[in-house]
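Only one structure is covered here, and it is reproduced in the block below.
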Amino acid sequence: MNPEQIAETSKLKTSYVGSVALQFERWYDFNSLQSRTLEDAMKTQYTVALSMLFGFGLGVIAIQGLHAQAKPPVYTVTEANVTNVDAYMKEFVPVVQPLVKKSGGKIIASSLKPTAISGTPPNRVTINVWDSLAAAQAFYGSAEFKAAEAIGSKYATFTRFVVDGVPQ
């Protein structure tokens, strides 16, 4: 080193900033620091890309779940003109109600005295809710229901229809 460089170096050593800079040069190899920085940047890019891909997949699954929940139920409405209420309530109702529940349906309304707003009401109305039209059709087409209906037909005439629900 020439005398000017030695003087300059001693000035840097006396100043705090110069001291920190010299220590920094001694502690770190700039070439390895640059290569580590590039490797870290690549790892970060891969991490971000994989996180975005995972988030997209999770979003797709969540949307599918929401679409599945958004399907409205279907309702079956049964109008019955009952001729023998006591026998109907003792022989038919205790048989058919557990079948509805077992098949996934829910009885949401049932009345022996529906109130007319217009026209003549039947003397019994029952409304069941089902997850889908297929579930309702499977129930009403089952052998168990047909056996129960044979009992109910002795005491009433039935009219049944399905009404689509609306999303809430």
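Residues that are at pLDDT 90 or above and over 16 Å from VAL74 (Cβ atoms) within segment 118-144 comprise SER118, GLY119, ARG124, VAL125, SER142, ALA143, GLU144, listed in sequence order.
Okay, residues lined up against (1) free of Cβ contacts under 8 Å to residues at least 60 places away in the same chain; (2) more than 21 Å from ASP164 (Cβ to Cβ); (3) touching a Pro at 6+ places or on another chain (Cβ under 8 Å):
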position	(1), (2), (3)
ILE108	yes, no, no
LYS113	yes, yes, no
ASN128	yes, no, no
ALA136	no, no, no
SER142	yes, yes, no
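Criterion applied to SER111, SER118 was being touching a Lys or Arg at 6+ places or on another chain (Cβ under 8 Å), in the same structural domain as THR78 (by TED's automatic domain parsing) and of a type in the set (Gly, Ala, Ser), and the one residue passing it is SER111.
Screening ILE117 with (1) within 30 Å of PRO167 (Cβ to Cβ); (2) β-branched (Val, Ile, Thr); (3) in contact with a strand residue (DSSP E or B) (Cβ under 9 Å, 6 or more places away or on another chain) gives one miss only, at (3).
Can you find a residue in segment 137-146 that is over 34 Å from the mean Cα position of the chain (by Cα), on the phi < 0 side of the Ramachandran plot and not hydrophobic (A, V, I, L, M, F, W, C)? Scanning segment 137-146 turns up at least one residue that is over 34 Å from the mean Cα position of the chain (by Cα), on the phi < 0 side of the Ramachandran plot and not hydrophobic (A, V, I, L, M, F, W, C).
The values are calculated or read from the model by the stated rules, or taken from the named source; none is laboratory data. What you are looking at is a predicted structure, and each value in this text was computed from that prediction instead of being measured. As a convention, Cβ positions derive from the backbone with ideal geometry for all residues, glycine included, and neighbour counts pool all protein chains shown.
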